[in-house]
């Protein structure tokens, strides 16, 4: 009887838990529905609808659905955790930095309601789509920008033909004289693809449907930040919507007001109650007790001499402190905290504990013993951080690594010798004199440019590319033919030149007419693997044309030498295999030099030299391991450091 009673009580408890969970799910669903209604109303009020023929809305929808929304949600999940448990960071309007609409004799408009969506502040009548987001390093500026971006993208997808919100990294603004408009267009083509001939993104800016969400103004350095701020002010004068994100200290140091933005939101340092509640949510209430009792920890609540908030009042550093705090090892400052976090994440105990807690996960390395030594991990991450800083990047794509990333001159020389040797061997093997000619034409090639994909279609752009290539190469063929005619006879020179021009023009036209760079990367080093596939596809596609070309030359030779057609048939029957082999070698030559093979050789040579310098050969597996260690974040085939502070720390660390 007692056992049945226990079963009944257990059933009642489970039923109560399920009912409570169902109630929470219902409330959550209702809140989500209400939020979507709010977002929809704001989108329609701010942006309305435009005529569908004015811009390429289909391309915009594709970009938002396949790139922006998945990337934003992945980054939010990685930053806040899968449950997206975030700090209740106070958002406080600071109108003193934007002179026009919110500043009334320096009056503070107070703290925003934490339950309101950030898009509601963005859409206020006195802000109306021009917003500045400020805060200390680690305060959650980028997270706030991502949250706003998610709300805007959701609204744009629910209300087609209204607006196209896109996130940009201001650290990539390289040319001080470049306008913001031109920089935005350049970034859109570079990051998202598209045919430049159709001016897709130029039209987006012209029709004011692009909503730029700009992160990292402070990452330009003080002098370039000032120049960029001036450009942003000019841009915002005539552009209706814009969001800019910047560190508070750097923004104040520049001493330039972005007064063409109408509102500013500043993320405030955490209060004592916020710290206590957050530590309780992490199941670390004892740390709050330690903070109250430990004088050393209390000093970390006070502002620093540099004017930054206390370390424990910044969300990022509070979370890291909760991860690494040890009463026996006091934290002296930001650098010390980051160092302790790195040491903890790379320690053997932490790695073994992670495997015990998650037995089902497919780890990058089979066992802890297989994982790289902590020195190699630190050294490689420091090298990556330095290269990202030097190239004004925040994300790493393996296929976009360049020879300039080699730091030592001796290794750089090894790369060039190995690459040129392999290129020469391939040119001589596949194309003979033709290969050597092409090698000479592209001898100065430096940048690795993968040929990532082919779009098998005959669109208007593809047809135009083929016709343009045919025209250009026929002219070149005639010129070569006339020169050859002076040596071997005018007729054979012209015929050979025309055949060569027709074949090369058609081949190159087809390659570049069908080539389309793949911008959605779902796995690491996708561009190089696709380049290899593109080489094989190009070779197969060009092979019939190459065989026809070789046969046409044989016909031309027969006509010039006044052989009859029976002699020609005899030549074909005797040299059939030779003609097919020559055609194959020519097709391989085109595939190698134009279809992506050259980029594969460059990348392979670069990776070999980097491996000699200590970078792991299987770089994708190593980077995935760093994601497991919570040092990097991964979105598709792209990697970024957990936070900009961590990138800067690795770049400044002295690791040989």
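When 270, 338 are checked against the criterion of being modelled with pLDDT of 85 or more, in a helix (DSSP H, G or I) and in contact with a helix residue (DSSP H, G or I) (Cβ under 7 Å, 6 or more places away or on another chain), a single residue qualifies: 338. If you go through the range 250-265 and keep only what is under 30 Å from residue 298 (Cα atoms) and more than 27 Å from the chain's Cα centre (by Cα), you end up with 252, 253.
Per-residue answers, yes or no, for (1) within 25 Å of the chain's Cα centre (by Cα); (2) modelled with pLDDT of 85 or more; (3) buried (at least 19 other Cβ atoms within 10 Å of the Cβ):
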position: 62; (1), (2), (3): yes, yes, no
position: 66; (1), (2), (3): yes, yes, no
position: 84; (1), (2), (3): yes, no, no
position: 88; (1), (2), (3): no, no, no
position: 104; (1), (2), (3): no, no, no
position: 114; (1), (2), (3): no, no, no
position: 123; (1), (2), (3): no, yes, yes
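Scan the range 349-381 for residues that are in a helix (DSSP H, G or I) and farther than 22 Å from residue 323 by Cα and the total you get is 3. Each residue in the range 168-182 was checked for being surrounded by fewer than 23 Cβ atoms within 10 Å (Cβ to Cβ), touching a residue at least 12 places away in the same chain (Cβ under 8 Å) and either closer than 14 Å to residue 392 by Cα or in contact with a strand residue (DSSP E or B) (Cβ under 7 Å, 6 or more places away or on another chain) (or both), and 6 pass. Assessment of the range 227-240 against the conditions (in a strand (DSSP E or B), touching a helix residue (DSSP H, G or I) at 6+ places or on another chain (Cβ under 7 Å), on the phi < 0 side of the Ramachandran plot and in the same structural domain as residue 140 (by TED's automatic domain parsing)) yields no matching residue.
All of (1) within 24 Å of residue 154 (Cα to Cα); (2) surrounded by fewer than 20 Cβ atoms within 10 Å (Cβ to Cβ) hold for residue 200 with one exception: (2).
Number of residues in the range 622-656 that are under 14 Å from the mean Cα position of the chain (by Cα) and part of a loop (DSSP other than H, G, I, E, B): the value is 2.
The values are calculated or read from the model by the stated rules, or taken from the named source; none is laboratory data. Keep in mind that what you see is a predicted model, and the values were worked out from it rather than measured. No Cβ is skipped: glycine too gets one built from the backbone with ideal geometry, and neighbour counts run over all protein chains shown.
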